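The values are calculated or read from the model by the stated rules, or taken from the named source; none is laboratory data. Treat the numbers as computed from the prediction; the structure is a model and nothing was measured. Neighbour counts are summed over all protein chains in view; Cβ atoms, including those assigned to glycine, are modelled from backbone coordinates with ideal geometry.
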Ligand SMILES: Nc1ncnc2c1ncn2[C@@H]1O[C@H](COP(=O)(O)OP(=O)(O)O)[C@@H](O)[C@H]1O
Ligand SMILES: [Mg+2]
């Protein structure tokens, strides 16, 4: 069985194709770049995706060496995300399902990040750190559901990096710029450390770092280095607490921030100390992509989940707890 997945919840329009033997046949990712100094304007991103979607789909079919008729299932992100952006993917998916007379399933974006991480690592029941632009969550499977047991109480960690980088004068996405600058940083600057049990906050850190930049007293490299060391140490502290609490023996990190090599290195060390298995996942499966949607769609469909195309619509605040992952049940 072959599934085509469409993702358009925020900064990426992506199409992935995968079969039930876990072979990735295509993984095309197109990132929206807002004008310099700006964040994402939903209407502009949606317009861009509408223009690009035909090319991205064509490229995916070409890469997979398949015709649209060869697809058995269509999967699409229905949330969480930005309404304008989600509707582009959902409309295209509905049309494809109708035209090709194929079933369609609506997928939760966060669950898709988790499922593809499990697919790649081969881990069965890991503790998961989900770190992206808008999300920072510790998630675990317990009593028949994925549950968020710790999370940011304000902004996502990727958003923190994006805004800090923008204050320094760099384009989106900011995370990779911060990582690059941090490698050149040598002097550690004290930054507030804000962990509350298994929860975290980044808003105060953002204000503090903005003031460091404005003061003109510090090198961007040193600020980036200190910021990364501080917030990643916070992530590791809550992960350790969650590992102790859940007693899970595997750990994965997913979402765009999981691409960061320094974070992977810290996770590797932490897991070694705890005797927990850890395996980093490649960036094209950690950041927003269509393969994760296609893979989760396959799991859902094979477990018997069916969605009526005419009923499918965007759920901007779709939480992981809202999903009943029946594919995980015996
Ligand atoms: N190497 C990196 N280090 C830190 N953050 C990164 C890195 N690469 C990407 N990011 C961040 O990941 C976030 C995007 O995550 P992603 O899961 O792709 O999207 P979304 O948040 O829309 O679901 C952005 O905030 C970006 O700055
Ligand atoms: Mg994401």
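Provide a single number: the residues in the stretch 15-42 that are within 14 Å of ligand 1 (Cβ to nearest atom) and farther than 14 Å from residue 64 by Cβ.
Start the filter on the stretch 15-42 by keeping residues that are within 14 Å of ligand 1 (Cβ to nearest atom), which leaves 16, 27, 29-34, 39-40, 42.
Okay, now just the ones that are also farther than 14 Å from residue 64 by Cβ, so 29-34, 39-40, 42.
The qualifying residues number 9.
Tell me, which residue of the stretch 229-286 that is within 16 Å of ligand 2 (Cβ to nearest atom) and assigned to a loop (DSSP other than H, G, I, E, B) is nearest to residue 189 (Cα to Cα)?
Within the stretch 229-286, the first condition is being within 16 Å of ligand 2 (Cβ to nearest atom), and the residues that meet it are 252-260, 263, 281-286.
If we keep only those that are assigned to a loop (DSSP other than H, G, I, E, B) too, we end up with 255, 260, 281-282.
Numbers: 255: 27, 260: 21, 281: 30, 282: 31 Å.
For the stretch 229-286, the residue satisfying everything is 260.
Here's a check for you: in the stretch 1-37, which residue that is assigned to a loop (DSSP other than H, G, I, E, B), surrounded by fewer than 24 Cβ atoms within 10 Å (Cβ to Cβ) and touching a residue at least 40 places away in the same chain (Cβ under 8 Å) is nearest to ligand 2 (Cβ to nearest atom)? It would help to see each step written out before you state the result.
Of all residues in the stretch 1-37, those assigned to a loop (DSSP other than H, G, I, E, B) come to 1, 8-11, 20-23, 32-37.
Pick out the ones that are also surrounded by fewer than 24 Cβ atoms within 10 Å (Cβ to Cβ) and you get 1, 10, 20-23, 32-37.
Subsequent filtering for residues that are touching a residue at least 40 places away in the same chain (Cβ under 8 Å) retains 1, 10, 20, 22, 33-34, 36-37.
Numbers: 1: 25, 10: 7, 20: 24, 22: 21, 33: 17, 34: 17, 36: 23, 37: 23 Å.
Here the answer is 10.
Select from the stretch 105-121 the residues that are within 15 Å of residue 259 (Cα to Cα) and within 14 Å of ligand 1 (Cβ to nearest atom) and list them in ascending order.
If the condition is that a residue be within 15 Å of residue 259 (Cα to Cα) and within 14 Å of ligand 1 (Cβ to nearest atom), then 113, 114, 116, 117 are the ones that fit.
Among the listed residues 117, 165, identify the single one that is free of Cβ contacts under 8 Å to residues at least 40 places away in the same chain and either within 13 Å of ligand 2 (Cβ to nearest atom) or assigned by TED's automatic domain parsing to the domain that holds residue 228 (or both).
Details: 117 fails: free of Cβ contacts under 8 Å to residues at least 40 places away in the same chain.
Step by step, each of 117, 165 is checked, and only 165 is free of Cβ contacts under 8 Å to residues at least 40 places away in the same chain and either within 13 Å of ligand 2 (Cβ to nearest atom) or assigned by TED's automatic domain parsing to the domain that holds residue 228 (or both).
Checking residue 140 against (1) closer than 22 Å to residue 251 by Cβ; (2) within 16 Å of ligand 2 (Cβ to nearest atom), only one condition comes out false. Which one?
Evaluating residue 140 over (1) closer than 22 Å to residue 251 by Cβ; (2) within 16 Å of ligand 2 (Cβ to nearest atom) leaves (2) as the failure.
Any idea which residue in the stretch 168-189 is nearest to residue 33 (Cα to Cα), counting only those that are at pLDDT 95 or above, more than 10 Å from ligand 1 (Cβ to nearest atom) and buried (at least 18 other Cβ atoms within 10 Å of the Cβ)?
181
Please indicate, with yes or no, whether at least one residue in the stretch 54-67 is over 18 Å from the mean Cα position of the chain (by Cα) and within 30 Å of residue 163 (Cβ to Cβ).
Within the stretch 54-67 (the criterion being over 18 Å from the mean Cα position of the chain (by Cα) and within 30 Å of residue 163 (Cβ to Cβ)), the answer is yes, since at least one residue qualifies.
Confirm whether residue 196 is within 20 Å of the chain's Cα centre (by Cα), in contact (Cβ under 8 Å) with a residue 12 or more places away in the chain and away from ligand 2 (no atom under 16 Å from the Cβ).
Criteria not met by residue 196.
Restricting to the stretch 261-277, count the residues that are more than 19 Å from residue 139 (Cβ to Cβ) and touching a residue at least 60 places away in the same chain (Cβ under 8 Å).
Result for the stretch 261-277: 2.
Any idea which of 306, 241, 317 is assigned by TED's automatic domain parsing to the domain that holds residue 11 and more than 16 Å from ligand 1 (Cβ to nearest atom)?
Every option except 306 fails the conditions.
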